[in-house]
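Asks: I am attaching a structure below and will ask some questions about it afterwards.
The values are calculated or read from the model by the stated rules, or taken from the named source; none is laboratory data. Quick caveat: nothing in here was measured; it's all calculated off a predicted structure. Backbone-built Cβ (ideal geometry, glycine too); neighbour counts: all protein chains shown. For accessibility, only protein heavy atoms count, side chains too; no ligands or nucleic acids. Shrake-Rupley method; radii C 1.70, N 1.55, O 1.52, S 1.80 Å.
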Amino acid sequence: MVKVGLTGGIGAGKSEVSRLLASYGAVIVDADKIAREVVEPGTPGLAAVVAEFGDGVLTPDGSLDRPKLGGIVFSDPEKLKALNAIVHPLVGARSAELEASAGPDAVVVHDVPLLTENGLAPLYDLVVVVDAAVGTQLDRLVRLRGMAEDEAKSRMAAQATREQRLAVADLVIDNDGPLEALEPQVRAAWERLRSA
């Protein structure tokens, strides 16, 4: 089994790289998806988030109001740290379960947005960073995701810098250009991961 950490800043295109790797046969362990699962209604994770941040982070149906919580934590590093202390151990435990169920010859790609920020690079055989210029990231967040520019900048500022991510990379996929330029790079990365 080859354990790969896949990361990139918000708006860099990591999700598209993850989708392509899955289409080639990688087993994807998506930390964002798991992070949503561990705070679904009725979970201990949601109960812990409510205990920390109050009932105001719930929607009327009792699920997590993610935009409201995001507005709280992305503007306050201490509150973000408190949220991460709740969610990260739950995500780690579920990720380990998924990895354990993959076959011995699998290429297991852990899609981890905060890999750099949380010092997780040593956990993987290889770290793949999806890289895009800060201006490209901002444009994608505003134009494609409909974020206000201030919110996009705040979310980007809450993450590691581009330089910090590149410093932990074993392999860099440049996603500053059009989608057509991405696929050949991801295919080449896949060949390298399969032979690792």
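Asks: Measure off, as a whole percent, the carbon and sulfur share of the 1.4 Å-probe accessible area of the chain, all protein chains present. Intermediate results must be reported in sequence, preceding the final value.
Replies: On the way: 5450 of 9960 Å².
Solvent-exposed carbon and sulfur of the chain make up 55 percent of the total.
Asks: OK, next. Over 23 Å between Cα atoms: which of 3/153; 68/153; 33/79; 3/79; 3/81 fall into that group? Mind showing how you got there, number by number?
Replies: Values: 3/153 31 Å; 68/153 17 Å; 33/79 21 Å; 3/79 31 Å; 3/81 26 Å.
Among 3/153; 68/153; 33/79; 3/79; 3/81, the Cα-Cα distance tops 23 Å for 3/153; 3/79; 3/81.
Asks: Any idea of the accessible area per residue across the chain, 1.4 Å probe, to the nearest Å²?
Replies: Values: 9960 Å² over 196 residues.
So the chain comes to 51 Å² accessible per residue, rounded to a whole number.
Asks: Assuming R0 = 22 Å, what is the FRET efficiency of residue 187 and residue 32, from their Cβ-Cβ distance, to the nearest 0.05?
Replies: Working: r = 24 Å, r/R0 = 1.08.
With a Förster radius of 22 Å, E is 0.40.
Asks: Divide, for the chain, the radius of gyration over alpha carbons by 2.2 N^0.38 Å, where N is the residue count. Don't skip to the end; give the middle numbers.
Replies: Working: Rg = 17.0 Å, N = 196, 2.2 N^0.38 = 16.3 Å.
Taking the Cα Rg and dividing by 2.2 N^0.38 Å, one obtains 1.04.
Asks: Now, a different point. Using only Cα atoms, tell me the angle between helix 77-100 and the longest principal axis of the chain; keep it within 0 to 90° and round to the nearest 10.
Replies: 50
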